[in-house]
């Protein structure tokens, strides 16, 4: 009897050890964003520093980000978002990183429109993938006004809209039981020399550092 009991205890111990060392599967999180998400503005020799890649690499195997970024994309891309939903099985989470392109509209309509569009995306995602879908809303990053191109004449107004969007997106996230984090002020000015908007490799590293805690929280 003692022999049988010892054998059972040994098997139980081995099973527990195997379970303890079994790697945790990374949580899949789709990131729907613009060119800062897509990474097309990064030089070829800096592509490995795209912030999505860095977040995935530095997450300790807990997160796998799926890049659904597109250059020039505004929040008024709800139909593109619907089409994106059909391409994917239910993910573990969704991040929406938009607003930079909307900031070129410096009218009073800019922020309410952006909020309505992102709210529509959250509703569509939860209707398709379940009401329990975890969502992270990412407020747009800062710009470097002296390096802007065609929108330089409205640099001050554009920066103001980015700030307004951040506050409005935070409120929306609270209302929709989503997470929120802001990238405004997180990108060093030296990393925005190309055009005042698109960060270089070091800027992407700064974004990844700022966003990693939020993605780890989303993946919990």
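The values are calculated or read from the model by the stated rules, or taken from the named source; none is laboratory data. No experiment lies behind these values; they were computed from the predicted model shown. Reconstructed Cβ throughout: ideal geometry from the backbone, glycine too, with neighbour counts over all protein chains shown.
For the reader, a short list of remarks on this structure follows.
- Checked across segment 132-146, the condition of being free of Cβ contacts under 8 Å to residues at least 40 places away in the same chain and more than 25 Å from residue 81 (Cβ to Cβ) holds for no residue.
- Test for residue 186: is it touching a helix residue (DSSP H, G or I) at 6+ places or on another chain (Cβ under 8 Å), free of Cβ contacts under 8 Å to residues at least 60 places away in the same chain, more than 29 Å from residue 87 (Cα to Cα) and assigned to a helix (DSSP H, G or I): no
- From 190, 206, 214, residue being over 22 Å from residue 58 (Cα atoms) and at pLDDT 95 or above: 190
- Some residue of segment 136-156 being part of a helix (DSSP H, G or I), crowded, with 20+ Cβ neighbours inside 10 Å and in contact with a helix residue (DSSP H, G or I) (Cβ under 9 Å, 6 or more places away or on another chain): no
- Residue 63 vs. criteria in contact (Cβ under 8 Å) with a residue 24 or more places away in the chain and over 24 Å from residue 50 (Cα atoms): no
- Condition check for residue 203: in contact with a helix residue (DSSP H, G or I) (Cβ under 6 Å, 6 or more places away or on another chain), without any contact (Cβ under 8 Å) to a residue 24 or more places away in the chain and either surrounded by 18 or more Cβ atoms within 10 Å (Cβ to Cβ) or over 15 Å from residue 97 (Cβ atoms) (or both): yes
- Which numbered condition residue 117 fails, given (1) assigned to a loop (DSSP other than H, G, I, E, B); (2) within 24 Å of residue 85 (Cα to Cα): (1)
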